[in-house]
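The values are calculated or read from the model by the stated rules, or taken from the named source; none is laboratory data. In this text, all values refer to a predicted model and were calculated from it rather than measured experimentally. Cβ: placed from backbone, ideal geometry, glycine included. Neighbour counts: every protein chain shown. Areas reflect the complete protein model, heavy atoms only, side chains present, ligands, DNA and RNA absent. Shrake-Rupley method; radii C 1.70, N 1.55, O 1.52, S 1.80 Å.
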Amino acid sequence: MTDAVVWLPEEMVPSHSGDALVVIDQINKHYGTLHVLKNITTQIRAGEVVVVVGPSGSGKSTLCRAINRLETIDSGTITIDGKLLPEEGSGLAKLRADVGMVFQSFNLFAHKTILENVTLGPRKVRGLSKEAANKRAMDLLDRVGVANQANKMPSQLSGGQQQRVAIARALAMEPKVMLLDEPTSALDPEMISEVLDVMVQLAHDGMTMLVVTHEMGFAHKAADRVLFMADGEIVEEATPDEFFKNPKSVRAKDFLSKILTH
Ligand SMILES: Nc1ncnc2c1ncn2[C@@H]1O[C@H](COP(=O)(O)OP(=O)(O)O)[C@@H](O)[C@H]1O
Ligand SMILES: [Mg+2]
């Protein structure tokens, strides 16, 4: 990987001014009586890479889904690039298009080719011509190393390849921020690094990212900050070095001892 490889169109590279791109202010969310997000407050600055870790059930996915408005919140506010996340309507569709999302399960459209998977959003939502969408898609597929698979169906690709397509598909919308929720945890071990390499490259190119992952190598290489969540709360917020070497809370120590020794 060299610095000469520039993945993102110029207009997508944040200025690194450190301006808050995503502002999460005192959000709360319940599922019935279960309080899944408890007064979550944090900010993601332009160009920043934030890794979220924490035990299963601590609210990490719910937080991601709330930022993309796939889940409603009960109170608090989320703003993206200065715009309040609306309840619904065309404003929501527009803001949502600014947030790229990659899930644990590679949820590509099964009955569309790889190329179609990547061109659909830009054509339908961004209004690109077929030619422009194809060009952008092929460029991104090339960068994630699967351009030669463009005319295949998702089921013909390995899990690692599908997840790289999912990343390319999200990037094709030219999002302001990428949310990746355990993008490697459903992959066979030998495919994890090919996806992490793409994520590291993206981080180095200046993409603003929130990544739920327990891959410490990625956190060390790419993260500016680690958020540790437990029971719906942000319990610790630190640099990867600080967090992994010197966790402060009992819950973080306990969590790390489990993921380090498994
Ligand atoms: N749609 C839902 N309905 C009810 N409870 C849910 C729903 N989704 C998640 N939960 C619960 O909310 C809690 C947080 O879940 P989640 O955000 O998926 O945690 P994580 O991603 O950290 O494992 C868990 O206790 C989970 O069982
Ligand atoms: Mg989850």
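Only one entry in Ile44, Ile73 is more than 11 Å from ligand 1 (Cβ to nearest atom) and open to solvent by less than 40 Å² (accessible area, probe 1.4 Å), namely Ile44. The stretch 10-128 holds helices (runs of 4 or more DSSP H) entirely within its bounds, and those carrying 2 or more residues that are more than 19 Å from the chain's Cα centre (by Cα) map to 90-97, 114-124. Just one of (1) buried (at least 20 other Cβ atoms within 10 Å of the Cβ); (2) within 16 Å of ligand 2 (Cβ to nearest atom) fails for Ala170. It is (2).
Among all residue pairs at least 6 apart or on different chains, which show Cβ distances below 9 Å where the first residue, located in the stretch 47-66, is basic (Lys, Arg) and within 7 Å of ligand 1 (Cβ to nearest atom) and the second is at pLDDT 95 or above and open to solvent by less than 20 Å² (accessible area, probe 1.4 Å)? Partner pairs satisfying both residue conditions: Lys60/Val52; Lys60/Val53; Lys60/Gly54; Lys60/Asp181; Lys60/Val212; Lys60/Leu227; Lys60/Met229. Taken together, Val53, Val49 contain a single residue that is buried (at least 23 other Cβ atoms within 10 Å of the Cβ) and more than 16 Å from ligand 2 (Cβ to nearest atom), which is Val49.
Just to be sure before I move on: is Asp188 without any contact (Cβ under 8 Å) to a residue 60 or more places away in the chain, farther than 28 Å from Val22 by Cβ and of a type outside the set (A, V, I, L, M) in the structure I sent?
Taking the combined requirement at face value, the residue satisfies it.
Scanning the stretch 173-199 for residues that are in contact with a Leu (Cβ under 8 Å, 6 or more places away or on another chain), under 20 Å from Ala66 (Cα atoms) and crowded, with 20+ Cβ neighbours inside 10 Å yields a total of 4. Annotation: of all residues in the stretch 76-106 being within 16 Å of ligand 2 (Cβ to nearest atom) and aliphatic (A, V, I, L, M), the one that is most open to solvent (accessible area, probe 1.4 Å) is Met101.
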